[in-house]
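The values are calculated or read from the model by the stated rules, or taken from the named source; none is laboratory data. The structure presented is a predicted model; accordingly, all values stated were derived computationally and were not measured. Please note: Cβ atoms are built from the backbone with ideal geometry, for glycine as well, and neighbour counts cover all protein chains shown.
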Amino acid sequence: MKKFIETLSNIWKIEELKGRILVTLGLLLVYRFGAQVVLPGIDTQQLAELSSRTDGGGLLGILNAFTGGAFANASFFALGIMPYISASIVVQLMGLAIPYLQKLQKEGESGRKTLNQITRWLTIGICLVQAPAYLYSLGSLGVPDSAFILGKGLDFMIPAVLILVTGTIFAMWLGEKITDKGIGNGISLLIMVGIIARMPQSFVQEFVSRTSGSNGGLMLILIELILWFVVILACIMLVMATRQIPVQYARRTASGGYEKNVFGSRQYIPLKLNASGVMPIIFAQAIMFAPAYIGRIGALKDTGVGQWLQTEFSNIFGLWYNIVFALLIIIFTYFYTAITVPTNKMADDLKRSGGFIPGIRPGKETSDYLDKIMSLITFPGSLFLALIAVLPAVVVKLMGVQQGWALFYGGTSLLILVGVAIDTMQQVNSYLLNRHYDGLMKTGKNRKVVA
């Protein structure tokens, strides 16, 4: 403990790192404050039904968790940062089919800036669709008409839509500033802090449920916490696991050529077990909204099939929902890995730099070999990801865990928390190591520098 405290004190000795951490905390505080400011024209006293619906888990609970409670508060940041995430996904997928976007992806920094501008404009377009839909759906979510002080006319809708759009753009700006001036990935940190904000309330609800009456008591709470930490460790292993492919480089001569039959240093290409991150879960969750919606439209609505779709796919803890959910995650893991891990480009870059995989010819054979390895390691990675995603439903059914607290046992929420925490700690470690300190997870002693 003493060494850990010493390491934390070393962080504050680095002025640049201390400044970045303070900027990050300050901007995150602004975001959390905005999540509590309710839209003008809405009576906050009549939002209790909306809050109760989102606290019980389900699809609304997921949306509310990602916005840190802003969705249930009908606040400035009610749409959260998710429209920007959606726009980023759309632009990334469109890059597979549109030559102009493919060209921008290859132009380096200038192309990246143009893609960012396209993403921002697309975010505004998505917000202009989602904002009115959100406001009109409040009535069906339990908010009475009397809660709208000015009514639902244009004098309320137009300013409210503008505020919601501005709130998302401002949140996007906060995320970009955290990335540039702070520490860690700003957009991911905004999502993470929103998820963490819901954790204390969810745990208190679970604690009260277990300790009131004969419902397991403190012993079951302890078992749940131990299981939770085990799941976190499993998520860390999933995020960090890699398959190292050995690479040999020929030794360069003074003239810039390569010496025949003389080998240089051996390095490795790290191929991640889960190269797609949480994106397969996000894709799958987006599609899982469709079956319940299909069951409510047209002639299908009053049929047995329509009612079955509405019942089974409106409950995120149900059996059929999670079976389909897991299958979609496995499919999307392969799909997203295929579009984000360019084995052809990796093989070409390796060939140009004079490297090769021992026993494999440079060029197409290397590309095919890397593609085969990625396919082999993606299968267990996709199964593990699907297991983590459906684990909340498992603990609800087998252990009777409250739905709000169960969401932290897996799925997108836990993977985002683990991934963002690891990424942020790695950035902090790089600052410490550059200043000759041990990293955050090391012993915490000052390193001796050999001149």
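Here are the numbers for this structure:
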item	result
Single condition G175 does not satisfy, out of (1) under 22 Å from T44 (Cβ atoms); (2) buried (at least 16 other Cβ atoms within 10 Å of the Cβ); (3) not β-branched (V, I, T)	(1)
Hits in region 296-310 (condition: in contact with a Gly (Cβ under 8 Å, 6 or more places away or on another chain) and farther than 22 Å from I282 by Cα)	R296, L300, K301, V305, G306, Q307, W308
Some residue of region 238-247 being among the basic types (K, R), outside the structural domain of L25 (by TED's automatic domain parsing) and surrounded by 13 or more Cβ atoms within 10 Å (Cβ to Cβ)	yes
Residue check, V23 at pLDDT 85 or above and over 23 Å from the mean Cα position of the chain (by Cα)	no
Spans of helices (runs of 4 or more DSSP H) in region 345-437 with at least 3 residues outside the structural domain of A241 (by TED's automatic domain parsing)	411-434
Residue match in region 99-108 (condition: surrounded by 17 or more Cβ atoms within 10 Å (Cβ to Cβ) and either in contact (Cβ under 8 Å) with a residue 24 or more places away in the chain or not hydrophobic (A, V, I, L, M, F, W, C) (or both))	no
Any chance V208 is surrounded by fewer than 18 Cβ atoms within 10 Å (Cβ to Cβ), more than 22 Å from T24 (Cβ to Cβ), modelled with pLDDT of 90 or more and not aromatic (F, W, Y)	no
Check on T333, touching an Asp or Glu at 6+ places or on another chain (Cβ under 8 Å), of a type in the set (S, T, Y) and under 30 Å from L370 (Cβ atoms)	no
Where a residue in region 222-248 is farther than 17 Å from L387 by Cβ and its partner, wherever it lies, is buried (at least 16 other Cβ atoms within 10 Å of the Cβ) and of a type in the set (G, A, S), with Cβ under 8 Å and at least six apart	V247/G355; Q248/G355
Lone qualifier among T366, T333, T343 - being closer than 30 Å to F408 by Cα and of a type in the set (S, T, N, Q)	T333
Test: residue in region 28-42 that is modelled with pLDDT under 80 and not assigned by TED's automatic domain parsing to the domain that holds Y336	no
Test for G58: is it under 22 Å from the mean Cα position of the chain (by Cα), modelled with pLDDT under 85 and in the same structural domain as Y136 (by TED's automatic domain parsing)	yes
Residue match in region 145-163 (condition: farther than 24 Å from V38 by Cα, out of contact with any Lys or Arg (no Cβ under 6 Å at 6 or more places or on another chain) and among the charged types (D, E, K, R))	no
